[in-house]
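The values are calculated or read from the model by the stated rules, or taken from the named source; none is laboratory data. A quick note: this is a predicted structure, and the numbers were derived from the prediction, not measured. Neighbour counts run over all protein chains shown; Cβ positions are idealised from the backbone, glycine included.
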């Protein structure tokens, strides 16, 4: 992957202090999705992939290829208020990019993949055990007709599916908060970058909500959060931004009493450049 500001990536890797083995098993690539994606885990021998949006190469609004941006299969009216808001939201500062990269590295360093696999396996086994116990205790095979047994077992499967979805969503939200906190704890500049990043995503979503018309109302809320009908698969963007504001507030009033190495003294200036 070609990183426009490769020094930002190197700064983040230095700050997190990944082992050489982890760095070798971590790869970055460019994705044309609007949000960052990741696959795999550094806790696995296969390593992990982190996909950074192509918009990460933008440093100013002049770098945005306006003619290639299409919303709802239509060209964007960049002179409109929504168009201007979208244009500004596509450009992130280096400290916002640094926060996102750090957040994703912390995510692939975690055991999220293992816990998700464990949860899936546990729920599947629980479905089988629950059905078997009920069948043995109440002699369902003898007492109920096939269609009735099918209904009972389907109800059991549906109940465990609901339990799985609830636990899976809770797991996702827990790790969302955890990686945000870990990235913000690196330095004040990362917390500032996190606030900027989530503000930009919220602005982008609000602009898309307007540009998409009636379709936008179904995808994004008035504040820029993702519309979720019955699942809470991730922490709301406004909540994540507010959490970053709390972490940022903790830095205020604090004075560093330990002299940092030259690399650290220049880190804020380098990332913020």
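How many residues does region 40-73 hold that are in a strand (DSSP E or B) and touching a residue at least 12 places away in the same chain (Cβ under 8 Å)? Residues flagged as in a strand (DSSP E or B) and touching a residue at least 12 places away in the same chain (Cβ under 8 Å) within region 40-73 amount to 8.
The rows are residues; the columns are (1) part of a helix (DSSP H, G or I); (2) surrounded by 15 or more Cβ atoms within 10 Å (Cβ to Cβ); (3) modelled with pLDDT of 95 or more.
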residue	(1), (2), (3)
21	yes, no, no
35	no, no, no
77	no, no, no
85	yes, yes, yes
99	yes, yes, yes
115	yes, yes, yes
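Select from region 176-202 the residues that are more than 19 Å from residue 52 (Cβ to Cβ) and surrounded by fewer than 20 Cβ atoms within 10 Å (Cβ to Cβ) and list them in ascending order. Those that are more than 19 Å from residue 52 (Cβ to Cβ) and surrounded by fewer than 20 Cβ atoms within 10 Å (Cβ to Cβ): 177, 178, 181, 185, 188. Here 156, 129 are screened, and the one residue that is part of a helix (DSSP H, G or I), more than 30 Å from residue 239 (Cα to Cα) and in contact (Cβ under 8 Å) with a residue 12 or more places away in the chain is 156.
Within region 8-33, residues that are on the phi < 0 side of the Ramachandran plot and in contact (Cβ under 8 Å) with a residue 24 or more places away in the chain reach partners that are in a helix (DSSP H, G or I) and surrounded by fewer than 17 Cβ atoms within 10 Å (Cβ to Cβ) with beta carbons closer than 6 Å, at six or more positions or on different chains, in the pairs 30/54. Answer yes or no as to whether residue 168 is over 22 Å from residue 99 (Cβ atoms), modelled with pLDDT of 95 or more, crowded, with 17+ Cβ neighbours inside 10 Å and within 20 Å of the chain's Cα centre (by Cα). Yes.
Number of residues in region 13-33 that are farther than 13 Å from residue 54 by Cβ and in contact with a strand residue (DSSP E or B) (Cβ under 8 Å, 6 or more places away or on another chain): the value is 4. The single condition among (1) free of Cβ contacts under 8 Å to residues at least 24 places away in the same chain; (2) under 23 Å from residue 177 (Cα atoms) that residue 195 does not satisfy is (1).
Do we have any residue at all in region 203-218 that's closer than 26 Å to residue 105 by Cα, in contact with a strand residue (DSSP E or B) (Cβ under 8 Å, 6 or more places away or on another chain) and either surrounded by 12 or more Cβ atoms within 10 Å (Cβ to Cβ) or at pLDDT 85 or above (or both)? Scanning region 203-218 turns up at least one residue that is closer than 26 Å to residue 105 by Cα, in contact with a strand residue (DSSP E or B) (Cβ under 8 Å, 6 or more places away or on another chain) and either surrounded by 12 or more Cβ atoms within 10 Å (Cβ to Cβ) or at pLDDT 85 or above (or both). From the set of residues in region 219-243 that are touching a residue at least 24 places away in the same chain (Cβ under 8 Å) and in a helix (DSSP H, G or I), which is surrounded by the fewest Cβ atoms within 10 Å (Cβ to Cβ)? The extreme case among them is 238.
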